[in-house]
Protein chains: 2
Amino acid sequence: MNIAPMTREIDDLSRLEAIQLLAGGSLGRVGVTISALPAIFPVSYVVFDDSIVFRSVPGTKFAAAVSEAVVAFEVDDADPHATTGWSVLVVGKARPITDAALLEQVQELGLVPWAPGVHDDFVQIPLDIVTGRRIRASDGDGH
Amino acid sequence: MNIAPMTREIDDLSRLEAIQLLAGGSLGRVGVTISALPAIFPVSYVVFDDSIVFRSVPGTKFAAAVSEAVVAFEVDDADPHATTGWSVLVVGKARPITDAALLEQVQELGLVPWAPGVHDDFVQIPLDIVTGRRIRASDGDGH
């Protein structure tokens, strides 16, 4: 019963391709650990200063979880019907932006949080580990 | 510069609402730990037998990571432009489906993996912990 709808191939993306795709996106998912359990939340983001920048609400468990912890950040363009698309994964140590000059810069980026609330914290995930893959329809006969 | 595009409100979803939204989706993201680092991957899924069911490729690090480990599974309909939508998070212990009768049933579900490859493993995440939230435009004046 494992009939795929078409012949498809999967390619690893180069770091440059992956970062270009990240730069073109605006909504990602952050994977963190909260109370020893894994969790994933959608966030709006921008690529800035060789990092992912997003906003969080001070005092929340999420804000604590993205402070100085290694987190996963994923962006995709995955159409479940076409079963083609791409996904990019960033893994790095998230850190709050506290430098006044940098904070001023990121406040000018027009980054609107996905969820409502006073998202006064800005968080940065450096683009340390960036991987990705693209799934495409294939001309070949596949196997 | 923190001007939201409109007044919005956030509501927690009931377990029932969250499961109904899960049942209407087809693409989710699984959060796992691989080589002590967090990772997130898109997967196609169905809700079946009070659980999330998806497929994985035997022998991969991903397959190992979703075997008997507590994982996060997230589905959303998050439009970054409208900044409304919903997200649902499932947390539970993933387990491979090995029961022959159950395996036969899930093989009939027509679950096409998002990525190509021989996804012969079927994995189940029980709907133990299900939470969600909805973001909506508000008629009120907000604050």
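Some observations on this one:
- Qualifying residue in region A:11-20 (condition: closer than 30 Å to residue B:103 by Cβ, at pLDDT 95 or above and among the acidic types (Asp, Glu)): no
- Just one of the numbered conditions (1) under 17 Å from residue A:13 (Cβ atoms); (2) among the β-branched types (Val, Ile, Thr); (3) out of contact with any strand residue (DSSP E or B) (no Cβ under 7 Å at 6 or more places or on another chain); (4) within 12 Å of another protein chain (Cβ to nearest Cβ) is not true of residue A:118: (1).
- Condition check for residue B:26: farther than 24 Å from residue A:85 by Cα and under 15 Å from the mean Cα position of the chain (by Cα): no
- Of residues in region B:113-131 being modelled with pLDDT of 90 or more and open to solvent by 60 Å² or more (accessible area, probe 1.4 Å), the one nearest to residue A:41 (Cα to Cα): B:131
- Scanning region B:105-122 for residues that are touching a residue at least 24 places away in the same chain (Cβ under 8 Å) and in contact with a Lys or Arg (Cβ under 7 Å, 6 or more places away or on another chain) gives B:111, B:113, B:119, B:121, B:122.
- Segments classed as helices (runs of 4 or more DSSP H), wholly inside region B:1-112, with at least 1 members that are buried (at least 20 other Cβ atoms within 10 Å of the Cβ) and within 7 Å of chain A (Cβ to nearest Cβ): none
- The set of residues from region B:57-73 being in contact with a Gly (Cβ under 9 Å, 6 or more places away or on another chain) and more than 14 Å from residue B:19 (Cβ to Cβ) comprises B:57, B:60, B:70, B:71, B:72.
The values are calculated or read from the model by the stated rules, or taken from the named source; none is laboratory data. Values in this document were obtained by computation on a predicted structure and should not be read as measured data. So basically every Cβ, Gly included, is an ideal-geometry build from the backbone, and we count neighbours across all protein chains shown. Surface accessibility is based on the protein's heavy atoms, side chains included, excluding ligands, DNA and RNA. Shrake-Rupley method; radii C 1.70, N 1.55, O 1.52, S 1.80 Å.
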